[in-house]
1. Rounded if a/c is under 1.5, else prolate if a/b beats b/c, else oblate: with a ≥ b ≥ c from the C-alpha gyration tensor eigenvalues square-rooted, which is the range 71-145?
2. So what is the relative contact order for the range 4-137, in percent, with contacts set as C-alpha pairs under 8 Å and at least six apart?
3. Can you give me the Cα centroid spacing of the range 56-76 and the range 1-32 in angstrom?
4. For n ≥ 4 DSSP H runs only, could you compute -39500 (n - 2.57) per run for the chain, divide by its residues and tell me the 222 nm figure to the nearest 500?
5. Among (1) 1.02; (2) 1.34; (3) 0.97, find the value of Rg/Rh (Cα atoms, Kirkwood Rh) that was calculated from the structure presented, and write down its label.
6. Taking the Cα centre of the range 1-50 as origin and charging only Cβ (+1 Lys, Arg; -1 Asp, Glu), how large is the dipole, in debye to the nearest 20?
7. Under 14 Å between alpha carbons, and skipping anything fewer than 8 positions from LYS43 in its own chain: which aspartates and glutamates qualify?
8. Kyte-Doolittle mean at least -1.0 and Cα extent at least 24 Å along the axis: which DSSP H helices of the chain qualify?
Amino acid sequence: MATVEDAEVVARLGACIQEIHHENRPDWFKSANAQDAVALYKKLLSNSTVTTFLAELGEDLVGFVMTKVFVMQETPLVWEQTIVEISQIGVVPSARRSGVGRELLMAVRQLADSISVSCIQLTTWEFNAVAYRFFESEGLEIQLRRMSMPYSAD
């Protein structure tokens, strides 16, 4: 499990994923910035609701998954749900298709087992077909679609 001391490693691992997002949606995602990312990950890794796992391949750290546990309160419309949300997951290009992603999701499943959650969820972008096909192969299913359109009041 990653600690705040691992912020630089997580920032390095996250940079390749950040660049994929920036290349596909530069209107939404900034280019990777190591200094800003380290500060962000230090903050996230010190949050008690955030759990981050690192993956190794041989001697190298090659992937990470960051999760957040939250409780959706019961209302007159929905039941209470304890949810593990995968907020970030990434594997360096050289280690993809080697079982690292599956290993990271197994760690998330073990976390979910330990706290009796209702579901594991994540959000993935439509441009990232490789990622969502992987998630589907691991048993995740589309539950909703978020739609948007560019808008300006001008």
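None of the figures in this text is laboratory data; all of them are computed from the coordinates on show. As the structure is a prediction and not an experimental result, all values here were calculated from the model. Counting neighbours? That spans all protein chains shown, and the Cβs are built from the backbone with ideal geometry, glycine included.
1. Oblate.
2. The value is 20 percent.
3. Centre-to-centre (Cα) distance: 15 Å.
4. Rounded to the nearest 500, the figure is -11500 deg cm²/dmol.
5. Among (1) 1.02; (2) 1.34; (3) 0.97, the one calculated here is (3).
6. Magnitude of the dipole: close to 120 debye.
7. GLU5, ASP6, GLU8
8. 7-24
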